[in-house]
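What follows is a single structure, written as C-alpha cells, with notes after it.
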Amino acid sequence: MKKGHYGPYGGQYIAETLMTPLRELEAAYEDAKADPAFQAEFREILRDYVGRESPLTFARRLTERLGGARIVLKREDLNHTGAHKVNNTIGQALLARRMGKKRLIAETGAGMHGVATATVAALFGMPCEVYMGATDVARQAPNVARMKMLGATVHPIEEGGATLKDAMNEAIRDWIANCDDTFYVIGTVAGPHPYPAMVRDFQSVIGTEARRQMLEKFGKLPDQAIACVGGGSNAMGLFAGFLDDPGVRLVGVEAGGKGIATGEHAASICGGRPGVLHGSKTYLLQTDDGQILDTYSVSAGLDYPGVGPEHAYLADTGRAEYVPVDDAEAVAAFDALCRYEGIIPALESSHAVAEAIKRAPHLPGDAILLVNLSGRGDKDMDNVLAWKAAHPPVPAL
Amino acid sequence: MNRIQNCFSRTRAAGRPAFVAYLTMGFPSLAASEKAADTLLSSGADILELGVPFSDPVADGAVIRAAAYAALEQGVKLADVLALAARLRAKHPDAPLVVFSYYNVLYAHGLERFADEAAAAGVDAVLVVDLPLEERDELLAVLRPRGLTFVPLVAPTTSVERAAASAKGLEDSFLYVITVKGTTGARAELPPELKDRLATLRAAVDVPIAAGFGVSTREQAAMIGEVADGFVVGSALVKALEKDGTLHAEDLRYY
C-alpha cells in the first residue's frame, strides 16, 4: 500500500503550506516511535498521570438481565480527564515538545479532546487554543468551563453547522498561518497522513492492554470487540489490539441520530460515500454535489461527517463491520448502564453499549462482547435530561 | 502553444505582469459573476480563475468563505460554473480560464465527467487547493488526455526542489506562488522576503510564476511584477462585489 494510504483511502489532501510541516511531523514521529526513551516516557505518563492500565469490568448484572453473551467493559472512562482522548494528547504533546513547538491547538466536538489537550498543555507548560463549534459550546458547557479552568482559550466557531467539522476547519486555518511554532493536536484518526496512523498508535494502548487482560482474566479473546465511531480513535485503538486475530469480530457503531432514513445522523460509513475532507480520502456525508453535510447526533463527540480512513478501509475489506445506533437506543443504553452497573457512560460510548445490548441475547453464554467504554458521562447530564424531556420515554431494560 | 502560454508571451512582450483575477462563482449571483468576469476580461485581467464554492473552504479567509456560503445558499453547482465558463469562452476566445476548486467537489462530480465537461466548456486549466504533488496523479490522468492542464501551488514553506518537482511536466501551465502563510485575503503588508523568494523560484522553474494571496493594491502588484510573471487578485475583487455586485473602474486598476 502507498505510504499513508489505506487502500484507496487516507493520503494528504491538504493545502500546500502544510505539506512541509507534515513531512517534518512524519519524520519526527518515525524518529520518536523508534526511540526507547520517548516510548518509556509516554508509558510512564500513562501510568503515573493517566492511571493506566484501565481495568476490564465484567458487567455482571447487565449480562444476567440480557441472558446471553457476557458483556465486558474496557474502562477508558476511568482515565484522568474521563475519556480515552488523553492517551493521544500525551503522545502528541510529547512529540510537540520534542519538535520544539511552542503552542498547541486543537479542535473539539464534545469537548473531551479539548479538555485532554488543555490538560497536557498545562502539564507541559504550553499555551493552548481550542476551536469548538458554537453549537457544541452551548451543549457541552461543563467541558468549556474545564478547558478554561485549565488555562486554555476556547474559540467558539459560528460557521456552518457550528459543530466539529467547522471547528476542524478553523484549527487547520490556524495551523496554516502558524505552522512554524504551532503543533496541531488532532483528536481522532482523521486528517492527513501521518495523523491517522499516529493517533491510532497512541490509542493502541487500549487494544493492547485489553487483549492481554482478556487472556489473563477470561483465558480467551473476545468474540466481538465493539466501539463507537465518530472520527474513530477509540475504536481504532481497540481494534488495533485485535486486527491480527481473525476470530475477533470488530464492530464499529456509528451515530444513527434520528435514523439513517431521516438523513439526520452522523453515520459516515453506513450512510455516506467516499470523498475528500480535512486531508483524507474517506467516507463522508455529503450532497450529490460534494458539499459536506451538517450532521446530527444526540452525542456531540460523534457529530462529524467523516471517519478515519483506516475505518473506511476496514469497512470495504470486511475486516470490521459498521452499524448505526440511533439516539433513543443510545439513551436507553445510557440508562441501562447507570441502573445495572452504577456507571454513567458518555453518550458516545452509550452507542457501543447499545449495540452490545442488541447482540448479547442472541449469543451463547460463553461468548464475550468486549465494549470500549471510551468516556464517562458527567458532561452529558444536561443533554440526557433535555433529550428525555423532548422525547417519549425510552423503554427501561 | 495553449492559451496560458500565449497569454504570458503577450504580457512578457508588453513588459508587464499578467493580471490573474479570481472570482467566487455565484457571488453575489451567477449573473453578477458573469458580468464581473466579462468586465475583468474586457478591461485588463489576463487570466480568470473561476472559484467553485465549497462548504468547507479551509484555505480561504473570511471574504471568500462568505462568498462561497452565499453562492451555495443559492444552489450554485459545478455544472453552473462550467456553463458560465462556456459562455465566457464564447466572448473571450483567447483568455485562459482556470477552474479553481477544492477536490471533493470535482471528485463527487466524477473526475472523468468533470474533465469532459471542462474541456467542452473551453476551460484551460484546473487548480485544486487541497491536491498537492503527492495526490494529483489521479486528476492529471483525466485532465491531460483532454488537453487540460493543472496549476500547481507553491507555499512559503515549500522548498525550491519541491517547487521544481511540482512544476515538472506542467510547462504549459503556470506556478501559483502563495505569498503568505495563511488563508486568502487582503494583507496590508506582504512578507519582506517575498521578492527574493519569487526571484529564486523563477530561476528554478521553467514555467511562468504568478503570486497570490493577500494582494490587494496596485503597489503590491507592481512589486510582484518586478520579479514574477503575474499576480493574482482574489479577495479584493470579491470584496468589491459585496458593495453593489458590480466591478467599477477603480476596482480594476492593478497595473
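The values are calculated or read from the model by the stated rules, or taken from the named source; none is laboratory data. Since the model is a prediction, treat every value here as computed from it, not as a measurement. As a convention, Cβ positions derive from the backbone with ideal geometry for all residues, glycine included, and neighbour counts pool all protein chains shown. These accessible areas exclude ligands, DNA and RNA; they are computed on the full protein's heavy atoms, side chains included. Shrake-Rupley method; radii C 1.70, N 1.55, O 1.52, S 1.80 Å.
Of all residues in the range A:33-62, those that are within 18 Å of A:Thr208 (Cβ to Cβ), among the aliphatic types (A, V, I, L, M) and surrounded by 12 or more Cβ atoms within 10 Å (Cβ to Cβ) total 4.
For the range A:315-339, the candidate set comprises residues that are open to solvent by 10 Å² or more (accessible area, probe 1.4 Å) and farther than 25 Å from A:Leu397 by Cβ; within that set, the residue that is nearest to the other protein chains (Cβ to nearest Cβ) is A:Asp316. One residue stands out in the range A:147-169 among those that are in a helix (DSSP H, G or I) and more than 19 Å from A:Ala116 (Cα to Cα): the one that is farthest from the other protein chains (Cβ to nearest Cβ), namely A:Asp166.
When the helices (runs of 4 or more DSSP H) confined to the range B:1-112 are screened for residues that are within 14 Å of chain A (Cβ to nearest Cβ), those reaching at least 1 such residues are found at B:62-73, B:78-91, B:103-109. Determine whether B:Leu127 is away from chain A (no Cβ under 14 Å) and within 26 Å of B:Arg202 (Cβ to Cβ). Against the criterion (away from chain A (no Cβ under 14 Å) and within 26 Å of B:Arg202 (Cβ to Cβ)), B:Leu127 does not qualify. Could you check the range A:44-103 and list, in sequence order, the residues that are within 16 Å of A:Ala122 (Cβ to Cβ) and in contact with a Lys or Arg (Cβ under 6 Å, 6 or more places away or on another chain)? Hit for the range A:44-103 is A:Gly82, nothing else.
Being within 22 Å of A:Met112 (Cβ to Cβ) and within 14 Å of chain B (Cβ to nearest Cβ) is the filter here; which residues of the range A:256-298 pass it?
A:Ser268, A:Leu277, A:His278, A:Gly279, A:Ser280, A:Thr282, A:Leu285, A:Asp294, A:Thr295
Of A:Ala110, A:Ala96, A:Ala106, A:Ala121, all but one fail to be buried (at least 21 other Cβ atoms within 10 Å of the Cβ) and assigned to a loop (DSSP other than H, G, I, E, B); the exception is A:Ala110.
Return the only residue of A:Gly82, A:Gly7 being at positive phi and either in contact with a strand residue (DSSP E or B) (Cβ under 7 Å, 6 or more places away or on another chain) or of a type in the set (Phe, Trp, Tyr) (or both).
A:Gly82
Filter the range B:224-251 down to the residues that are of a type in the set (A, V, I, L, M, F, W, C) and under 20 Å from B:Val205 (Cα atoms), then identify the one that is surrounded by the fewest Cβ atoms within 10 Å (Cβ to Cβ). Of everything passing the filter in the range B:224-251, B:Val227 is surrounded by the fewest Cβ atoms within 10 Å (Cβ to Cβ). Filtering A:Gly306, A:Gly301 for residues that are touching a residue at least 40 places away in the same chain (Cβ under 8 Å) and within 14 Å of another protein chain (Cβ to nearest Cβ) leaves a single hit, A:Gly306. With respect to A:Leu104, is the statement that it is more than 18 Å from A:Ser233 (Cα to Cα), hydrophobic (A, V, I, L, M, F, W, C) and touching a residue at least 40 places away in the same chain (Cβ under 8 Å) true? Judged against the criteria, A:Leu104 is a match.
Of all residue pairs spaced 6 or more apart or on separate chains, those with beta-carbon atoms under 8 Å, a first member in the range B:150-171 that is more than 13 Å from chain A (Cβ to nearest Cβ) and a second member that is aromatic (Phe, Trp, Tyr) and not in a loop (DSSP other than H, G, I, E, B) are B:Leu170/B:Phe150.
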